[in-house]
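Before any comments, here is the structure.
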Amino acid sequence: MNIIVAVDKNWAIGYKNKLLVSIPADMKFFRETTSEKVVVMGRKTLESFPNGLPLKNRTNIVLTSNPNYKVKDAIVVNTMDELLKELEKYSKEDIFVIGGETIYRQLLPYCKKAYITKIDHAYQADTYFPNLDNLEEWEMTQVGEEQTCFDLEYVFSIYEKKEAENK
């Protein structure tokens, strides 16, 4: 399983159920990386999309504790067990966890690769992604050239979970 997220220099990801910033190249990278794939998200993430609709050209899976929650063109599950069972139907390489904070934290242990857009700016935020630089089991394996959008500098990076020794 994979994770894809844009973080600021404090690993913040959102404020008041909105992204901190919209960088066109990051949005394009997200679209291209997740297109024709499975995206896993929480209810609030889904509701933050335009018109609260699932993403096109993807299998959308929403994890919510609300048993009455229904969304057209999305698979809704209510427990982690239900989610993991549903995900067994898909290739692990094709699954992308896309937020929010609670979902990222719940599914990070199941992920092998994280696509992180690191933005060199600190925003006002109320939601955060775990700082992979501080987690021993994760290492940055790729970092792209620094890019600029207006006055914002950012890099695309990839973190991979280290193989546990003597497993």
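The values are calculated or read from the model by the stated rules, or taken from the named source; none is laboratory data. All values reported here derive from a predicted model rather than from experimental measurement. Because the Cβ atoms are built from the backbone with ideal geometry, glycine has one as well, and the counts that use them run over all protein chains shown. Areas reflect the complete protein model, heavy atoms only, side chains present, ligands, DNA and RNA absent. Shrake-Rupley method; radii C 1.70, N 1.55, O 1.52, S 1.80 Å.
Assorted remarks:
- In angstrom, the C-alpha Rg and Dmax of the chain are 15.6, 48.
- For segment 25-167, with +1 on Lys and Arg beta carbons and -1 on Asp and Glu, the positive-most of Met140, Asn78, Ile158 along the dipole: Asn78
- Within a Gaussian network of the chain (alpha carbon springs, distance under 10 Å), most fluctuating of Ala114, Ala12, Ala25: Ala25
- Residue-normalised accessible area of segment 118-158, given per residue in Å² at a 1.4 Å probe: 66
- Taking all protein chains as shown and a probe of 1.4 angstrom, Arg43 keeps an accessible surface of around 80 Å².
- According to the Kirkwood relation over distinct C-alpha pairs, the hydrodynamic radius of segment 78-132 is 13.0 Å.
- For segment 1-93: rounded, prolate or oblate by the Cα gyration tensor [a/c cutoff 1.5]: prolate
- What a 1.4 Å probe finds exposed on the chain is 48% carbon and sulfur by accessible area, rounded to a whole percent.
- Per residue, segment 1-51 exposes an accessible area of 52 Å² to a 1.4 Å probe, with every protein chain left in place.
- Only Lys, Arg (+1) and Asp, Glu (-1) charged, at Cβ; the chain dipole about Cα centre in debye: 760
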